[in-house]
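Taking it in order: structure first as C-alpha cells, then the write-up.
The values are calculated or read from the model by the stated rules, or taken from the named source; none is laboratory data. The shown structure was predicted, so the numbers you read here are calculated from the model rather than taken from an experiment. All Cβ positions, glycine included, derive from the backbone under ideal geometry; neighbour counts span all protein chains shown. We work out accessible area using only protein heavy atoms, side chains counted, and drop any ligands, DNA or RNA first. Shrake-Rupley method; radii C 1.70, N 1.55, O 1.52, S 1.80 Å.
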Amino acid sequence: MKLDKLLTSTIYILVVVFVCLTLVKGKYNIEGKLDYQSKYNTTITGPFEASNSTSRYVLTESIAKFGAFNFNEDQAKFASPDLTFYNGKYFSIFTPGVSFAGVPFYLLGTYFGMPQFFTYMSTVLFAVINVILIAIIVRKLGGNEIAGWLSGFIFLFATNAIVYAFSYTQHHLTVVLVLLSTLNILNNQRSFTTNLSLGLIYGIGALVDIPNIFLLAPFIIYALFENIKIRSEENKYVFNVRLNGGAIVIGMLPMVLAFGIYNHELTGSYVKLGQSIGRVVYPSDMPVVDTLNAPTQSIASQSATILDFKSPINLPFSTRKQLEGLNVLLINNERGWLQYSPVLFLGILGFISILKNKGEDTKAVNILIAVVLINILLYSMFGDPWGGWAFGARYLIPAAAVMSVMIGIALTALKKNWLFIFVFIVISAYSMGINLLGASTTSLIPPKQEAESLNTHIPYTYELNIKYLQADASGSLFFNVLGGNGLKLVDLVTLLFIFEFSVVAISTLALVRNSQHYK
Amino acid sequence: MKNILNPSFSIPKKTPPKTFFNRVDVIPVFLVIILSIISIFCFYSFYVNKLGLSYNDARSHLDIGRRVVEGLKPGLAQIGSVWLPLPHLLMVPTVWNDFMWHTGLAGALPNMVSYIATSIIIYAYLSKLGVRLLGRLVGVLVFAINLNVLYLQSTAMTEPLLMATMTAGCFYLLVWSKNGQMVDLIKSAAWIMLSTLTRYDGWFLAIVATGIITIKTAVTEFLNRTREQSLSKRLRAGYSHAEGVGILFMTLAFFGIALWFLWNLLIFKDPFYFASGPFSAKSQQDQLYAAGNLPTKHNLMLSIKMYTYATVYNSGTFLTAIGLVGGILLWTDKRLSWQLKLATLSMLTPFVFNVISLFLGQSVIFVQGLSGNTWFNIRYGILMLPSIAIGIGYLIDKLQKISWPLIAVIVLSLAISLTSADAVTIDDARVGSSQKNVSEVSGYLADHAKNQKGFILISVASHDAILFSSGLPMARYIHEGTGAYWESAIVAPDRWARWIIMRTNDENDLTWRSIKNAPGLVKYEKVGEFPFADIYKLKDEFLFDLNTEPVYSRRENK
C-alpha cells in the first residue's frame, strides 16, 4: 500500500515537474549561451518582462553580489517603476522576503553561470511544493488521495498559478506559507514547536508581502485561542492557559528583526517601508502618479473647499472600491475567476460537503474560509485589483490554492455524481487551456482602462495571449530551443493541453472507480 | 515544568444576587452606553473637522428650526412646506441657543438619539426573529460602525430620524404579526406616523404597512374559519376583519399625512402646495429634467441600478451581498411563520420607494461614475442599512458553523472603512452637488454687515446656507417668510434692505423675480459676484431713508 502511494506521488510529481520544465522561461542567444543571465533584457514573454519580477531580482542580485540592499544605477533602471528613492538610495518598493529566499539559488546559479535561471527556479520549486502540500492537506481533511493530487494539479495548471510559477513574485511563496500554516493548525497538539513554527511562518509572511499579515492572521488568532481553554464544571469555570502559546511571538521575532534591519538600512527607520514612501521612475526622484491607485473621488481635487479629513492610519485599501474590485477579481473578463479559472467555484461544494460531514469539528475549515474571504475582500478594496499588467487575478492565487483544496474534498464527496464529474472535467479543461495560454506567452495583459488609452489598440483579455500564440511569441526555453526546428507554438501548447487534460481525465476516472470514500 | 508553562485556575460559579441587572436584559443597556460614547465622539470629531455642517441642507434645516424661535417673524409658520416638519420641530427646544444653532448640535441631537435607537431596534428586531446574542450584536455592529451613519448622525440631516421611526414602525409591525396584540399595532402606527412627518419615504411605508396588515388579517381570519363555513362567508369574514384592523391602523398612521395636507391648506391655501409649489422637489426635478440631468426618469433599470449603487456605496458591497443572503435565508426559513415573513417585507420599502421616485422623476441621485463625475443625494442609500444589518445578523445566526470567519471579514471590512475614512456621504457633503460653497458671500456679510445697521434682503428658498454661514442673527434678514417686511421690501427695497443677496437674472431666485423691476434697485451697487449669488449694497447717499430697525408689531405682521 505504501509503495502504491509512493508510486502515485512520484508519478504526479514527475508530471508536474515535466510540464513546468517545458514552460520555464529562457532562450539561447546568438553566442549559444543562455540569455538573461548577465543582461537586463526586458523583452516581453521573457523572465524579465514585468517589473514586479525585476525589482525583486535585482535585490537578490544586489545582496548576493554586493552585500547591499540598495541598487546601483543600472539596477535601479531595471527595477523601475517598482522602485523607491529615499535618502539618496534606490531600492525595491517591495518587501524583501522573496529576494531573500532567492539568494541561495542565485549563488548556486552563479556557480553554474546561470544566476537568473536558478533564481527563478526557486518559484518553480515553491509551485511544485504547493502541489504536494495541497495533496497532503486534502488527505488530512479526509479527502481521497487521487483527489488530493488532482487538487494540486488543478491549482497549478487550471489557475494563473502556472503563469506566475515562472516569474519572480511573491505569489507562490505566499501560498507555501498559507498551506504550511494550514498543516500546522491541522496538527491538533499546540506544542511549543508547532507554535514556534507558526510564528516563524507568520514572520516570513510579513517579509514576503505586507497583505500576508492579514491573510495569515486567522491562523495566528486560532492558535492563540487554542492555547486558552475554558471548561465549565459544576461549580466553577476552569481556565487552562498554555504559556507555550508565547512561542508564536518568539517565532515571529527573527523575521521581524530581519525586516527591521532591512528597513533601517534603507530608510533609517526600523518601521518605514519602501511602499510607504512611494514609487519613482528611474532616473527621476519625482513620485509617479499611479493612475490605478489614484483615489476614485477625483473631484476632490477640483474643489477649493476641501476640508482635510484623513485617517491617521494609511492603508492602501478602501471599501468604496469593493464593487469594482469584486467584479474585476471574480467576474469580468479582464481578470475574473469566472473567465480565467471557473473551476475554482467548484471549491464551494467542497466547503459545503466538509461542513455537512465534519459536524462540529470545523475549526480548520473556518480558518480556510476566512483565508479565502480575507484574500478576496482585501484585494477587492485595493486600488489596483488588476495587479497592473497581469494575467488573471494574480492577487487571488492564495485563495485559489484553498479553493483547490476544497475541490479535492468536493471530488471525494461527489465522485459518484456524474453531473458534477462532467462539469468538473469540462470546466477544468477550459481553465487549463486559458492558463496554458498565459504560461506559454506573456503575463502582461493591460487593464481595460489602460488598453483603451493606448495609441495602438491591444486586447485586455487572454485574446492578447492568443495573438502571441499565433505569432509564435513565447518565453518558453523548451520552445525557443526547439522552435527553430519547425515546431509551432500552437502545436506545443496543444500537446501540453492534451497531456494536462489526459492527466485530469484519467485521474478523475480513477477517482470515480476508487473505493476510498470521504471520511 | 509542565505546570509552570500550563497554569490552570478556576473561578467559582456564584448565583448572582437579585439586582436590577438580573431583571432586565443588560446587553441593550450596555449598548446604549457604548453607542452614546461613540455618538458623542463622532459628533465632536466631525465638528472639529468642520464637516458637520458641510451639507447645504443641514444648514437649511437648522435655519428653519431657528426661524421658528428667532427672526423678524418667528412662529410655527416658518416650518414652511419644502420639508416635512418633525426634524425641525425637534430642534426647536434647543436651537434658540446660538451655540446649539451654530455648532449644528440642535439638529444633530435628535439624530444622535435616533442612531442609538435604531441600533437598539435592530437588536430587538433580531431578538424577535429568534436570533441569538452573537447574531444580534453583529447586526448592531454592522449598523453602528458604518461611517456613513456615524457621519449623518453628527449632522442636522433627516435620514437618521427617518431610519429610527421607520425601523421602529417595522419592529412593532413584526411584534404584532407574532403575537397579534392590538397595542403593538397602535405602536407601529404611531412610529410610522412620525416617519410620515419626517420624510416622504414614510408615506410609502404607511401604505405598504397597511397592505401587509390587511393581507395578514384577512388571510389569517379566512384560514381560522372552519371549512364547514361557505367560501363566501369565510371571505366576507376575512374582509370585514381586515377592514376593521386596517382602518384602526390607518387612522393613526395617516394622521400625520392628513395634518400635513391641512397645514398646507391653512398656510399656503393649497393642500398640495408641498408637492406642486415652486420650491417642491418636483419643481426642482422638472428643471433637472429639462436640462437633461434626470436620466432615471422613465428608465426603470437605471433607477434600480442607481439606487442599488447608492445602497452599496453606503453599506459596502460585501456587507450588502451577505445581508441579501441573510434576507434570502430568512424568507426561505420554514421555521418562521408566513405572517412574520410578510411583516419583514416592510423593511424593503426604502428600496422600492426610492426606485419608484427615481423612475417617476420625483427624486434624483447622482452616483459618481454612473451619472457624471459627482455625487448627489447618495445618502438616500443609507436607508437600506437597517435591513442589511438585520439580514447579516440573521445570517450569522443561521450559518453558525462558519459564523466566525464571516464575523472576521465583516469586522475587517468595517475596520478598513473606518481607517480609510471612506464615506460617500462625506464626499457628497463636501465636494458633491449636495455641498454649496457660500463662504464668499457669507464671509462678506460677516465682515461688512455684522457691525453696521440695516437688513439684508434674501430668499431663504435659494440661499439658506448663506444665512447660516454668515453667523448673523436671523432678525437681520428679510426673506419671503417675514410677511410685511418682505412685502414692503420687494416694493421699495431701498427703504428696507441695505444689502440684497440674489442671483442676478435668475428667475428661480425669488428675490430677483420680485424686485427686478423695482425702481429702487438702481440705488444699489453690485459689490460682489459669486457662483451662487451676487451681493448688492445700497449706495451711501441713499442710507438716510433706510429703515434699520424692526417696525412692525406681531399683530401688524400677521
note = Restricting attention to segment B:368-409, the residues that are farther than 20 Å from B:Leu205 by Cα and buried (at least 24 other Cβ atoms within 10 Å of the Cβ) number exactly 7
ask   = Looking at (1) more than 29 Å from B:Met301 (Cα to Cα); (2) open to solvent by 10 Å² or more (accessible area, probe 1.4 Å); (3) touching a helix residue (DSSP H, G or I) at 6+ places or on another chain (Cβ under 9 Å); (4) more than 14 Å from chain A (Cβ to nearest Cβ), which is the only condition B:Ser420 fails?
value = (4)
key: Matching option when the condition is of a type outside the set (Val, Ile, Thr) and assigned to a helix (DSSP H, G or I), among B:Glu549, B:Glu525, B:Glu507, B:Glu541   = B:Glu541
inquiry  = Here are the criteria: (1) at pLDDT 95 or above; (2) among the aromatic types (Phe, Trp, Tyr); (3) under 30 Å from B:Ile11 (Cβ atoms). Tell me which single one A:Tyr168 does not satisfy.
reply    = (3)
query = Restricting attention to segment B:424-444, and to residues there that are touching a Ser or Thr at 6+ places or on another chain (Cβ under 8 Å) and within 9 Å of chain A (Cβ to nearest Cβ), which single residue is modelled with the highest pLDDT?
reply = B:Ile426
remark   = Within segment B:423-444, the residues that are over 16 Å from B:Ile378 (Cβ atoms) and open to solvent by 40 Å² or more (accessible area, probe 1.4 Å) are B:Asn437, B:Ser439, B:Glu440
task = State whether one or more residues within segment A:380-396 are open to solvent by 10 Å² or more (accessible area, probe 1.4 Å), within 17 Å of the chain's Cα centre (by Cα) and among the hydroxyl-bearing types (Ser, Thr, Tyr).
result = yes
query = Among the helices (runs of 4 or more DSSP H) confined wholly to segment B:92-148, which include 1 or more residues that are in contact (Cβ under 8 Å) with a residue 40 or more places away in the chain and more than 15 Å from B:Ile392 (Cβ to Cβ)?
reply = B:98-103, B:105-128
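What number of residues within segment B:377-412 satisfy the criterion of being of a type outside the set (Phe, Trp, Tyr) and over 25 Å from the mean Cα position of the chain (by Cα)?
Qualifying residue count, segment B:377-412: 17.
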inquiry  = For a quick check of your reading of the model, give me the residue pairs whose first member lies in segment B:393-410 and is more than 9 Å from chain A (Cβ to nearest Cβ), whose second is of a type in the set (Gly, Ala, Ser), with beta-carbon atoms closer than 6 Å and at least 6 apart or on different chains.
reply    = B:Gly393/B:Gly135; B:Gly393/B:Gly139; B:Tyr394/B:Gly326; B:Leu395/B:Gly326; B:Ile396/B:Gly135; B:Ile396/B:Ser403; B:Asp397/B:Gly135
request  = For B:Leu90, indicate whether it is within 22 Å of B:Leu194 (Cβ to Cβ) and open to solvent by less than 10 Å² (accessible area, probe 1.4 Å).
outcome  = no
request  = Identify all residues within segment A:347-366 that are aliphatic (A, V, I, L, M) and at the interface with chain B (Cβ under 8 Å from one of its Cβ atoms); write none if there are none.
outcome  = A:Leu355, A:Val365
query = Can you list the helices (runs of 4 or more DSSP H) found entirely within segment A:276-365 that contain at least 1 residues being at pLDDT below 95 and loosely packed, with under 14 Cβ neighbours inside 10 Å?
reply = A:347-357
inquiry  = Just checking: which of the helices (runs of 4 or more DSSP H) contained wholly in segment B:242-350 hold 2 or more residues that are open to solvent by less than 30 Å² (accessible area, probe 1.4 Å) and of a type in the set (A, V, I, L, M)?
reply    = B:300-315, B:317-332, B:338-344
message = Among the residues that make up segment B:102-112, is at least one of them open to solvent by 10 Å² or more (accessible area, probe 1.4 Å), within 17 Å of B:Met384 (Cβ to Cβ) and among the aliphatic types (A, V, I, L, M)?
response = no
query = Among the residues of segment B:210-223, is there at least one that is of a type in the set (S, T, N, Q), buried (at least 20 other Cβ atoms within 10 Å of the Cβ) and farther than 26 Å from B:Trp263 by Cβ?
reply = yes
message = I need the full set of residues from segment A:480-504 which are touching a residue at least 40 places away in the same chain (Cβ under 8 Å) and within 24 Å of A:Gly392 (Cα to Cα), in order please.
response = A:Leu489, A:Leu492, A:Val493, A:Leu496, A:Phe497, A:Phe499, A:Glu500, A:Phe501, A:Val503, A:Val504
ask   = Can you find a residue in segment A:64-80 that is among the aliphatic types (A, V, I, L, M), open to solvent by 20 Å² or more (accessible area, probe 1.4 Å) and in a helix (DSSP H, G or I)?
value = yes
ask   = When both residues are 6+ apart or on different chains and their Cβ atoms are under 7 Å apart, which pairs have a first residue that lies in segment A:314-334 and is within 11 Å of chain B (Cβ to nearest Cβ), and a second that is of a type in the set (Phe, Trp, Tyr) and open to solvent by 40 Å² or more (accessible area, probe 1.4 Å)?
value = A:Arg320/B:Tyr313
task = Could you check how many residues of segment B:302-359 are more than 23 Å from the chain's Cα centre (by Cα) and within 14 Å of chain A (Cβ to nearest Cβ)?
result = 5
ask   = Does segment A:212-243 hold any residues that are free of Cβ contacts under 8 Å to residues at least 12 places away in the same chain and either hydroxyl-bearing (Ser, Thr, Tyr) or closer than 20 Å to A:Leu183 by Cα (or both), and which are they?
value = A:Ile213, A:Ile221, A:Phe225, A:Ser232, A:Tyr237
remark   = A:Gln189 vs (1) farther than 30 Å from A:Gly438 by Cα; (2) within 11 Å of the chain's Cα centre (by Cα): all pass except (2)
message = Looking at B:Thr511, B:Thr504 in this structure, which one is of a type in the set (Ser, Thr, Tyr), surrounded by 19 or more Cβ atoms within 10 Å (Cβ to Cβ) and modelled with pLDDT of 90 or more?
response = B:Thr511
key: Selection from segment A:448-501 of residues that are among the small types (Gly, Ala, Ser) and under 23 Å from A:Phe117 (Cα atoms)   = A:Ala473, A:Ser474, A:Gly475, A:Ser476, A:Gly483, A:Gly484
ask   = Can you name the condition, by its number, that A:Ile250 falls short on among (1) in a helix (DSSP H, G or I); (2) within 9 Å of chain B (Cβ to nearest Cβ)?
value = (2)
remark   = Of the conditions (1) open to solvent by 20 Å² or more (accessible area, probe 1.4 Å); (2) in contact (Cβ under 8 Å) with a residue 40 or more places away in the chain, the single one that B:Leu185 does not satisfy is (1)
Single match in A:Val103, A:Val16, A:Val58, A:Val98 (criterion: open to solvent by 20 Å² or more (accessible area, probe 1.4 Å) and either touching a residue at least 12 places away in the same chain (Cβ under 8 Å) or in contact with a His (Cβ under 6 Å, 6 or more places away or on another chain) (or both)) = A:Val103
query = Could you count how many residues in segment B:3-54 are over 35 Å from the mean Cα position of the chain (by Cα), open to solvent by 90 Å² or more (accessible area, probe 1.4 Å) and at pLDDT 75 or above?
reply = 1
